[in-house]
Amino acid sequence: MKLKLDNIGALQTFVHAAEKRSFREAGQIVGLSASAVGKSVQKLEEQLGVRLFHRSTRSIALTTEGKLFLERCRRVLGELEVAQAELSQSSQGTHGRLKIGLPISSTLLVSAVSAFMKAYPEVDLELDISDRFADVIDEGFDVVIRTGKPKDSRLLYKKVGEFSWCLVASPDYIARCGAPKSIADLQNHRCLRHRYSETGKIAPWELAGQDDENSRAPETFTVTTVDSIIQLVLDGNGIAMLPSFSAKSRIRDGSLVDVLPGAANNTGIFYLLWPASRYPLARVRAFLDFVSKYLTEQLA
């Protein structure tokens, strides 16, 4: 059975109920009682001829058909937001505020944002720099940059660049302690390791031909920011694994040395993430396009 235009409210109510897993919480969002939400969903199920939720006295859970319908509803409602926003906000241009999330210790990403600010001075920015996995939707982010592909189906994402890693040390450290002759020789050196501030875990060093890297790479010094590791390795305090975009220029000017070329198997990918259900305003589109081009060029 075809849905009518007046079913849009029912679709929105269904999406809220599915995301909150609660008729009561969905009702609080749309201004209805839990009973009214339940009746709205039931009417939708009757029109579709399928059950969208498994219900119990304490909880609701999507059926297989409900999960499929949820994805379709998000896309449909997102397109409606696009159409509405195009009409109501076409005259606003790129003016306004953006809330952007960045991981800690990436001067490349901060440089990208800095370049965007110069290109679009009319846009106000709110930067949240953290290694925590913020909830993009609930915390009101317009765009977040991460190194992992999102698992949240409410988000759209775009891959904007890949990078490798390398093991580096300063000429001063090499003069005092020598360079490692092999991966196994790292056991005899001071290694500067990155510790994630949120979890306390040590970032792994994936080394060529080695299954258990932690037995071969000591944790002489653990630090929660990559920027601090860069300064420590420049000061001759040990060997560090740095992303290629942080190490490349320093290797070129001689302030760092790639001590075991090809030994690091770590790779990374930057992703731009943004809410799928939110219309990408002109300023959001401008940010996505600008930063995507900037990072692609810098990581080429």
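The values are calculated or read from the model by the stated rules, or taken from the named source; none is laboratory data. Every value quoted in this text rests on a predicted model; they were computed, and no experiment measured them. Cβ coordinates were reconstructed from backbone atoms using ideal geometry, including for glycine residues, and neighbour counts include every protein chain displayed.
Residue under question is TRP205, and the condition is that it be under 30 Å from LYS99 (Cα atoms), assigned by TED's automatic domain parsing to the domain that holds ILE137 and hydrophobic (A, V, I, L, M, F, W, C); does it hold? No. For region 266-297, a residue qualifies if it is surrounded by 15 or more Cβ atoms within 10 Å (Cβ to Cβ) and either among the polar types (S, T, N, Q) or not assigned by TED's automatic domain parsing to the domain that holds ALA115 (or both), and the qualifying residues are ASN266, SER277, SER292. Kindly check whether there is at least one residue in region 210-228 that is modelled with pLDDT of 90 or more and touching a Ser or Thr at 6+ places or on another chain (Cβ under 6 Å). The answer is no; no qualifying residue exists.
In region 57-70, the condition of being in contact with a Ser or Thr (Cβ under 6 Å, 6 or more places away or on another chain), modelled with pLDDT of 90 or more and not polar (S, T, N, Q) is met by no residue. At least 1 residues being within 31 Å of the chain's Cα centre (by Cα) is the threshold, and among the helices (runs of 4 or more DSSP H) wholly inside region 1-63 those reaching it are 8-20, 23-30. When we screen ALA184, ALA179 for residues that are surrounded by fewer than 14 Cβ atoms within 10 Å (Cβ to Cβ), of a type in the set (Gly, Ala, Ser), assigned by TED's automatic domain parsing to the domain that holds ILE145 and over 26 Å from LEU109 (Cβ atoms), the only hit is ALA184.
Among the numbered conditions (1) in the same structural domain as ALA282 (by TED's automatic domain parsing); (2) out of contact with any Gly (no Cβ under 9 Å at 6 or more places or on another chain), the only one that GLU122 does not meet is (2). Taken across region 269-287, residues that are among the polar types (S, T, N, Q) and free of Cβ contacts under 8 Å to residues at least 60 places away in the same chain do not occur at all. Screening region 106-127 for residues that are surrounded by 13 or more Cβ atoms within 10 Å (Cβ to Cβ) and assigned to a loop (DSSP other than H, G, I, E, B) and picking the one that is farthest from the chain's Cα centre (by Cα) gives TYR120.
Each residue in region 187-212 was checked for being of a type in the set (A, V, I, L, M, F, W, C) and surrounded by fewer than 16 Cβ atoms within 10 Å (Cβ to Cβ), and 3 pass. Checked against (1) within 20 Å of ARG250 (Cβ to Cβ); (2) in contact (Cβ under 8 Å) with a residue 60 or more places away in the chain; (3) in contact with a Pro (Cβ under 9 Å, 6 or more places away or on another chain); (4) of a type outside the set (Ser, Thr, Tyr), VAL168 passes all but condition (3). For region 244-291, what are the residues that are at pLDDT 95 or above, on the phi < 0 side of the Ramachandran plot and assigned to a loop (DSSP other than H, G, I, E, B)? Of everything in region 244-291, those that are at pLDDT 95 or above, on the phi < 0 side of the Ramachandran plot and assigned to a loop (DSSP other than H, G, I, E, B) turn out to be SER255, LEU256, VAL259.
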